[in-house]
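This report refers to the structure that appears directly beneath it.
The values are calculated or read from the model by the stated rules, or taken from the named source; none is laboratory data. Every value quoted in this text rests on a predicted model; they were computed, and no experiment measured them. Ideal geometry is used to build each Cβ from the backbone, glycine not excepted, and the neighbour counts take in all protein chains shown. Heads up: the accessible areas ignore ligands, DNA and RNA and are worked out on the full protein's heavy atoms, side chains in. Shrake-Rupley method; radii C 1.70, N 1.55, O 1.52, S 1.80 Å.
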Amino acid sequence: MENIVYIDEIDIKDKTLLIRADFNVPLDQNGNITDDTRIRAVLPTINYCLDENTKIVLMSHMGRPKGKKVPALSLLVVAKRLSRLLDKEVKFVNDCIGELPENIVKYANYGDIILLENLRFYPEETTNNEEFGKKLASLCDIYVNDAFATAHRSHASNVAVTRFVKTCAAGFLIRKELNYFTRAIDNPMRPFVAIVGGAKVSGKIEVLSNLADRVDKLIIGGAMSNTFLKALGHDVGSSLVEDDMIEYAKKTLEKINEKRIKLYLPVDAVVADKFAPDAETKVTTIQEVPKGWLVLDIGPATVTLFTEALQNAKTIVWNGPMGVFEFDAFSRGTSALVSSVANAYALTIVGGGDTDVAIHRAGEFAKMSYVSTGGGAFLELLEGKTLPGIEALVDCSKKNNLKK
Ligand code: AMP
C-alpha cells in the first residue's frame, strides 16, 4: 500500500477534518458500553488532530439499524465515553447530514470535537449513495478514514465521500493495521506459522489458499479441521463437517504437500454426546471418536503438538477458535493456544472477531504483538484482497496528485 497517504504526510493545520471512525462498540441490555477498545484505537488520530488545531468532525455507524432511526443505537453513548477518555467536550449532533450538522460545524471553533449521529440511520450509507457521500463531504476540507474494521465495505462514508473531497488520508489505526499485516504476510520472518480455526472451511477457502502460498507451517483446528480429517479418511462421528468441501479439502492437502508445508491437524479431541454446555464429555484420540458424538474442542495432546509447532516460529498469524469456546467445557483448547501464542518469541498477529474475544477472555491481549480491530476486513486481507475503503483513499490521492 505504498500509494496510500497518511494524515501526518499532509498539512491539516487549521482545517476542518471529517474522520470516519469505527465506534461500533458492544453494548449491554441497558445500553452501556461493555468494551471501548474501538474508541481507544482512534485516540492517536484524534489527539494528533487536536495538536494541529483542526476542527474535528467524527462519524461512525453502530449496529444494524437498517436505514431507520433506532434510539438504542444512537452514538450519544460514544460521545460521552470519548469525552471522558479525552477529558474534553465532544459535541454530539443528532443527525449526520443536513442543516443541523452543517451549522454546528460552521460555527464550531478550531480544536472542537463533534460527533455525528449513526450513519446507518440512513439507508444511503450502506448503498454507497453518491448524494449522501457528497453531503458528508460538504462538512469538511479534508477526509480521513481510520475505520479499519469497515474498510472491506463499499459504503458512502468510506467510498462515495472520497469522490467529493480534494484531500483524503488514512489515520494512524489504518497505518498500524496495514503495517503489521504487511510485515506478517508480505515480508514475514520465517518460520511463518498460520493458525486457522473456526466453523467453516467454505468461509475461509480463499484464506487457506492464499496462506498456502506463503506459510511454512499450517495449523488447522476448530470445526474446520473435521472436514480435513474426514478428507483423510477419519470418522469424526456426528461432528460438524462440510461434506461438500471434502474435495476442496483434498486438493488443499495436495497443494500443502507439494509445497512441503508442514500441516498440523488435531490428534485428539474433547468430544460430547450433544451440542450443549452441560453435555457429557470425554477426551479421545481422533481415531476413537464414539459414534454419534461430536468433536467440540481440541484435546490436550493436540495442544501440546500445536504448542511444539509454534516453538521456533518467528511470525504467527491466527484466525478462528479451536473449539466451541463460548461453552466453558469446550474453551480449554482455545485458551491454552492463546497462552502458547502469547508466550511465543514471534511477531504474533491475531484477527477475526471470535479470536479477539477469546484473547480478551484469557487475559492475554497485551502479550500479542497485534490484535486486529477488524474481523471481516482482516479476513479479506488474509484472502489477498484489496479493501474498497483503502482503494478509495488511494484513488482520491492519485486523482488529486497527492501521491507520494
Ligand atoms: P468462524 O466464524 O468461522 O471463525 O467460526 C467461529 C465459530 O466456530 C465459533 O462460534 C465456535 O463455536 C465454532 N466452532 C469452533 N470449533 C467448533 C467445533 N468443533 N464444532 C462446532 N463449532 C465450532
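Quick look at the values:
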{"item": "The range 232-277: number of residues that are open to solvent by 40 Å² or more (accessible area, probe 1.4 Å), in a loop (DSSP other than H, G, I, E, B) and free of Cβ contacts under 8 Å to residues at least 40 places away in the same chain", "result": "6"}
{"item": "Which listed residue, of 242, 247, 258, is within 19 Å of residue 200 (Cα to Cα) and away from the ligand (no atom under 15 Å from the Cβ)", "result": "247"}
{"item": "Residue count, the range 17-36 (criterion: more than 14 Å from residue 174 (Cβ to Cβ) and either open to solvent by less than 10 Å² (accessible area, probe 1.4 Å) or of a type in the set (A, V, I, L, M, F, W, C) (or both))", "result": "6"}
{"item": "Members of the range 199-221 found to be within 11 Å of the ligand (Cβ to nearest atom), out of contact with any Phe, Trp or Tyr (no Cβ under 9 Å at 6 or more places or on another chain) and in a loop (DSSP other than H, G, I, E, B), listed by number", "result": "199, 200"}
{"item": "Number of the condition not met by residue 371 [criteria: (1) within 12 Å of the ligand (Cβ to nearest atom); (2) more than 30 Å from residue 278 (Cα to Cα); (3) surrounded by 17 or more Cβ atoms within 10 Å (Cβ to Cβ)]", "result": "(1)"}
{"item": "Residue check for residue 379: in contact with a Lys or Arg (Cβ under 8 Å, 6 or more places away or on another chain), closer than 19 Å to residue 185 by Cα and more than 16 Å from the ligand (Cβ to nearest atom)", "result": "no"}
{"item": "Filter result (open to solvent by less than 20 Å² (accessible area, probe 1.4 Å), hydrophobic (A, V, I, L, M, F, W, C) and within 17 Å of residue 377 (Cα to Cα)) within the range 166-207", "result": "170, 173, 174, 178, 184, 185, 196, 207"}
{"item": "Test for residue 4: is it part of a loop (DSSP other than H, G, I, E, B), among the β-branched types (Val, Ile, Thr) and touching a helix residue (DSSP H, G or I) at 6+ places or on another chain (Cβ under 6 Å)", "result": "yes"}
{"item": "Residue selected from the range 302-346 under the condition outside any loop (DSSP other than H, G, I, E, B) and among the charged types (D, E, K, R), by the criterion farthest from the ligand (Cβ to nearest atom)", "result": "308"}
{"item": "Filtered residues of the range 347-368 (kept if open to solvent by less than 30 Å² (accessible area, probe 1.4 Å) and within 11 Å of the ligand (Cβ to nearest atom))", "result": "351, 352, 355, 358"}
